[in-house]
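One structure is given below, encoded as structure tokens.
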Amino acid sequence: MPKLIGQPMPRAEDARLVAGKGQYTDDVSLPGQVYAAFLRSSRPHAVIRGMDLEAARSAPGVIAVLTGQDYLDGGHQGMDHVPNPADAIAHEQRAFNDSLTGHVFNQRHIPLPIDKVRHVGEAVVMVVAETQREARDAAELVDVDYDPLPAVVDADKGMLPDAPQLWDNLPSNLCFQVQIGNPEDIARIFAGAHHVVRREFRNSRIVNCQMEPRSALGSYDPESGYLLISGSQGVTRQQLCIADALKVPRTQVRVISPDVGGGFGPRSMVNPEQLAVLWASKRVGRPIKWTSDRNEAFLSDYQGRDQVARAAMALSADGRILAVDHELIGNVGAHTVSYVPLSNGSRVMTTVYHVPAAAAKLSAVMTNSAPTGPYRGAGRPESTHVMERMLDIAARELGIDRVEIRRRNLIQPGQMPYRSPMGLNYDSGAFAANMERALTVSEWDAAEARRAAARARGRWLGIGVANYVESPVGAPKERIELTVEPDGRVDLVAGTQTTGQGHATTFAQVLADKLGVPFEAISLRTGDSAFVSVGGGTHSDRSMRLVGTLIVQAVSSLVDLGKPVAATLLDTTEGQVSFIDGEYVDATSQRKVGLADVARRIAESGLPDAEGAAADTHRFRVVAEFNGRIPAHPTGAAVCELEVDPDTGEVELTRYTSIDDVGTPINPLIVEGQVHGGLAQGIGQALYEGFQVDPESGQVLSGSYMDYGVARAGALPPLRIELTEDPTSGNPLGVKGGGESGITPATAAIFNALADALREVTTDELPMPATAASIWEAIHQGDRV
Amino acid sequence: MMQVHVTINGESVSRDVDDRTLLVEFIRKDLGLTGTHVGCDTSQCGACTVHLDGVAVKSCSVLAAQASGGDVVTIEGLAPSPDALGPVQEAFVACHGLQCGFCTPGMIMAVDHYLTVDGRLDDASICHGLEGNICRCTGYVNIIEAVKHAAAARQGGPHA
């Protein structure tokens with residue numbers, strides 16, 4: 001049977017999606033459903049003195065107008081997002097423990113605030129009406145009496161002693177402050193170093209912009225409890241968080257995530273509106289649907305990045321890194337939703353380079369802005385950007401070639417396995433070879449000739465290289481159930497949730513190979529807590545790494561489980577039976593029985609060793625579960641080449657090379673698609689995206705696709721992508737992960753290329769995004785001197 | 001309220017709707033054709049693209065009343081038969097031109113129209129043709145491939 005692992009198969013799920021038969025949340029309706037709309041805060045920070053709800057309550061079609069006090073009066077509590085994730089190394093520990101502030105802040109998140117509003121766009125009042133239009137119209141009639149407070153939207157300013165304070169129980173706005181490494185040792189190294197580079201890098205705030213706006217359909221039934229239909233990155237986490245907030249057993253909450261129109265991180269956590277439709281549904285006795293419009297999305301979706309890095313690198317005269325010291329300041333926003341970006345970013349801080357000593361001081365700061373959470377890469381692109389920019393700056397200041405300084409500092413094959421100063425263990429990865437390959441494919445050595453040719457056309461060419469490594473972490477818990485049905489169909493249940501990654505195809509490729517059954521016989525079921533009992537969802541490159549590993553384990557268990565039954569069917573002993581290409585074979589007679597034969601026998605007669613008559617003893621079914629870490633470190637290198645028009649500041653990416661080691665690529669077509677998509681998001685952040693807020697008023701200036709730039713088709717450069725393989729030994733498939741591969745080095749490679757293009761006019765760090773206007777400013781600032 | 005009459009995917013329908021009803025709401029809610037999606041409110045993203053009288057339009061920026069009397073084709077009406085896909089749909093599958101699939105129906109409707117009225121197949125022209133549609137997953141590279149693939153298929157086979 002031809003092997004499917006490694007084949008670039010078109011996706012099994014696509015025929016349905018291209019025909020318009022996808023089922024995204026807003027496509028689903030329940031009988032008798034009504035609609036919700038939310039009045040959102042127009043203020044970044046204000047005391048709620050009172051609300052006039054009467055006009056809304058008497059508006060046409062209105063069924064209920066509800067506040068946060070109504071929610072609390074119902075005996076419910078705020079959501080616990082568990083912002084402090086498990087440690088990257090020890091999954092049973094939280095990532096952050098010994099905060100210099102004495103504790104790690106974790107404030108429960110009430111879906112509608114009681115006392116104050118804390119960011120523009122925060123949902124304040126919920127209106128339920130017969131139609132969506134009536135709900136929206138009535139929400140406009142709610143009058144909230146605000147007593148405005150000073151606001152702070154910048155994390156740096158939020159740390160100042162006189163900064164406006166968001167939460168009474170957090171006097172400093174500092175959720176935690178953690179020192180990693182020994183600052184005194186580091187200070188000694190810096191004092192004795194030949195050269196020190198110090199820079200500040202501001203990684204811009206990003207709006208997730210998943211194409212399917214958030215949507216939630218909630219209903220309540222006295223017998224079965226709450227039902228939420230809503231896109232997410234995994235139903236288990238949603239179910240547990242909602243059950244906790246509503247103070248009901250988890251069995252009283254069912255979460256279904258049907259087709260999900262993009263994830264990228266923020267859909268991992270529960271949003272206020274998802275909880276609100278459930279609570280309100282019980283209250284009004286009808287199913288309630290809410291669907292965000294895009295303006296709401298820009299104001300209220302959990303956002304990404306927004307980190308300041310004050311970085312220092314100590315070097316020897318020959319450009320060897322002696323130590324790095326970072327101060328990372330993460331903007332948490334108005335609610336404690338996630339500390340994942342700081343956790344990931346600090347762990348991977350030294351990336352692929354041999355750094356003998358490192359320290360980091362991390363601060364998580366609350367501000368009057370939408371909460372932030374993990375957004376694609378979550379800390380790794382930020383840290384990669386800092387490391388790669390610092391190396392280019394160090395090279396320039398020391399008079400060393402940019403590539404040469406990297407060659408001198410890359411972790412070499414002889415140093416593997418390598419333990420980084422931040423505690424990560426790299427078991428594989430040809431870091432130096434990946435960079436060399438990227439240089440070759442990009443024709444790096446001929447760039448000077450292309451630069452001269454561009455100059456003759458009046459354009460300034462820049463080229464930049466960036467190396468990266470990731471630290472896949474994510475929820476350290478997963479489970480699959482594998483069942484062979486009597487008709488030969490194979491049913492796989494997993495706790496992951498595709499948001500476009502094609503799990504039904506790739507999981508089936510692995511299972512078909514390992515079990516020896518046809519690809520078409522396999523169906524994947526996910527996204528319903530009625531049958532998904534355990535699972536961590538899809539993020540952090542975890543899905544194939546964990547589910548793939550569990551498939552290998554489950555196949556082995558399943559084969560063993562069926563062996564005595566097959567022996568009976570073959571009229572032989574178990575010792576004579578082997579399993580080859582999906583069939584049990586008797587070594588003596590060479591007679592064979594298939595998995596379906598065994599499944600039928602089990603359905604009829606039960607498992608031979610099973611006791612009692614429980615239903616499962618009549619099913620050919622195994623469960624595999626994992627708790628812990630399956631470490632793996634995807635790695636690679638990128639080279640970006642671009643041209644700047646000095647008259648306008650416009651940037652054109654002219655070629656882009658991406659060398660990515662994702663371990664074993666199960667489906668290269670899908671992996672390359674992930675690289676493309678990650679790169680598009682990286683280009684977006686580097687050149688166009690960047691959530692804008694007026695620093696004085698706290699008002700949002702990026703409220704739609706008309707004033708927030710995302711990459712469109714013309715933004716993508718000609719791409720040269722190569723997958724290299726240095727499979728990890730950490731899991732039986734050798735999978736590392738591909739979801740973050742395109743994005744992790746992208747802003748670093750682009751900014752290095754931009755700095756190269758502009759090297760004659762400025763050595764300042766360009767703001768992110770580097771818009772045409774800001775590049776024009778950088779070019780023409782010299783004109784005014 | 002007013003009565004809207006359209007031909008939708010070859011079928012003639014009439015419905016009484018609120019005056020404010022957008023064509024996309026009419027298609028999704030009144031007619032139950034949920035393949036047409038809403039991704040923004042500013043006609044920027046193109047997820048709601050349908051054909052109205054043979055022209056690709058963003059159905060969030062047309063009132064249902066304006067479409068009355070017109071001939072509307074949605075993603076559900078693009079395939080030649082219930083068990084086959086149209087060439088653009090086939091091309092998106094073959095070239096991995098989608099990931100989450102949410103922007104895809106609008107993208108396909110835009111591409112189908114582009115190949116009908118323009119159809120230049122250099123990258124710059126295709127990118128210009130796709131300027132009104134946003135995808136957040138695939139990075140466009142494979143969508144551009146799908147446009148070329150579909151153009152070849154429309155001319156009589158994938159290798160034509």
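The values are calculated or read from the model by the stated rules, or taken from the named source; none is laboratory data. Just so it is clear, the structure is predicted and the values come from calculations on it, not from any experiment. Please note: Cβ atoms are built from the backbone with ideal geometry, for glycine as well, and neighbour counts cover all protein chains shown. Keep in mind that these areas ignore ligands, DNA and RNA; they rest on the heavy atoms of the full protein, side chains included. Shrake-Rupley method; radii C 1.70, N 1.55, O 1.52, S 1.80 Å.
A residue that is buried (at least 24 other Cβ atoms within 10 Å of the Cβ) and within 14 Å of chain B (Cβ to nearest Cβ) cannot be found anywhere in segment A:696-704. Beta carbons closer than 7 Å, at least 6 apart along the sequence or on distinct chains, pair a first residue in segment A:279-299 that is within 14 Å of chain B (Cβ to nearest Cβ) with a second that is in a helix (DSSP H, G or I) and modelled with pLDDT of 95 or more for A:W290/A:E273; A:W290/A:V277; A:T291/A:D26. Can you confirm whether segment A:741-752 contains a residue that is of a type in the set (G, A, S), at pLDDT below 95, assigned to a loop (DSSP other than H, G, I, E, B) and touching a Lys or Arg at 6+ places or on another chain (Cβ under 6 Å)? Checking segment A:741-752: not a single residue is of a type in the set (G, A, S), at pLDDT below 95, assigned to a loop (DSSP other than H, G, I, E, B) and touching a Lys or Arg at 6+ places or on another chain (Cβ under 6 Å).
Which one is farthest from the other protein chains (Cβ to nearest Cβ), of the residues in segment A:300-318 that are among the small types (G, A, S) and farther than 29 Å from A:G225 by Cβ? Spell out how you get there, then give the answer.
Applying the first criterion (among the small types (G, A, S)) to segment A:300-318 yields A:300, A:304, A:309, A:311-312, A:314, A:316-317.
Subset that is farther than 29 Å from A:G225 by Cβ: A:304, A:309, A:311-312, A:314, A:316-317.
Working: A:G304: 13, A:A309: 26, A:A311: 29, A:A312: 35, A:A314: 38, A:S316: 40, A:A317: 42 Å.
Ranking the qualifying residues of segment A:300-318, first place goes to A:A317.
When only residues in segment B:60-83 that are open to solvent by 30 Å² or more (accessible area, probe 1.4 Å), of a type outside the set (S, T, Y) and in a loop (DSSP other than H, G, I, E, B) count, which is nearest to B:I108 (Cα to Cα)? Among them, the one singled out is B:L78.
Quick check: anything in segment A:377-387 part of a loop (DSSP other than H, G, I, E, B) and of a type in the set (S, T, N, Q)?
Within segment A:377-387, none of the residues are part of a loop (DSSP other than H, G, I, E, B) and of a type in the set (S, T, N, Q).
Helices (runs of 4 or more DSSP H) fully within segment A:127-196 that include at least 2 residues being under 29 Å from A:M51 (Cα atoms) and not basic (K, R): A:132-139.
Identify, please: which residue in segment A:15-67 is among the hydroxyl-bearing types (S, T, Y) and out of contact with any Pro (no Cβ under 7 Å at 6 or more places or on another chain) and is, among those, surrounded by the fewest Cβ atoms within 10 Å (Cβ to Cβ)? Here the answer is A:S58. Cβ-Cβ contacts under 7 Å between residues 6 or more apart (or on different chains), taken from a first residue in segment B:89-100 that is under 10 Å from B:H149 (Cβ atoms) to a second residue that is surrounded by fewer than 22 Cβ atoms within 10 Å (Cβ to Cβ) and basic (K, R), are absent. The set of residues from segment A:705-736 being more than 14 Å from chain B (Cβ to nearest Cβ) and either part of a loop (DSSP other than H, G, I, E, B) or of a type in the set (D, E) (or both) comprises A:E722, A:E725, A:D726, A:P727, A:T728, A:S729, A:G730, A:N731, A:P732, A:L733, A:G734, A:K736. Here is a check on your reading of the model: is A:G333 within 20 Å of A:M768 (Cα to Cα) and within 14 Å of chain B (Cβ to nearest Cβ)? When the stated conditions are applied, A:G333 does not pass them.
Considering segment A:412-435 alone, what residues qualify as being without any contact (Cβ under 8 Å) to a residue 60 or more places away in the chain, surrounded by 17 or more Cβ atoms within 10 Å (Cβ to Cβ) and not hydrophobic (A, V, I, L, M, F, W, C)?
Of the residues in segment A:412-435, the ones without any contact (Cβ under 8 Å) to a residue 60 or more places away in the chain are A:412-414, A:416-417, A:419, A:432.
Restricting the remaining residues to those that are surrounded by 17 or more Cβ atoms within 10 Å (Cβ to Cβ) gives A:432.
Of everything in segment A:412-435, nothing turns out to be without any contact (Cβ under 8 Å) to a residue 60 or more places away in the chain, surrounded by 17 or more Cβ atoms within 10 Å (Cβ to Cβ) and not hydrophobic (A, V, I, L, M, F, W, C).
Pairs are defined by a Cβ separation below 7 Å, a sequence spacing of at least 6 or placement on different chains, a first member in segment B:32-59 that is surrounded by 22 or more Cβ atoms within 10 Å (Cβ to Cβ) and outside any loop (DSSP other than H, G, I, E, B), and a second member that is modelled with pLDDT under 95 and not β-branched (V, I, T); the pairs so defined are B:K58/B:S43.
For segment B:15-29, the set of residues classified as open to solvent by 50 Å² or more (accessible area, probe 1.4 Å) and in a strand (DSSP E or B) consists of B:R15, B:D16, B:L22, listed by residue number. Screening A:V47 with (1) of a type outside the set (F, W, Y); (2) part of a strand (DSSP E or B); (3) within 11 Å of chain B (Cβ to nearest Cβ) gives one miss only, at (3).
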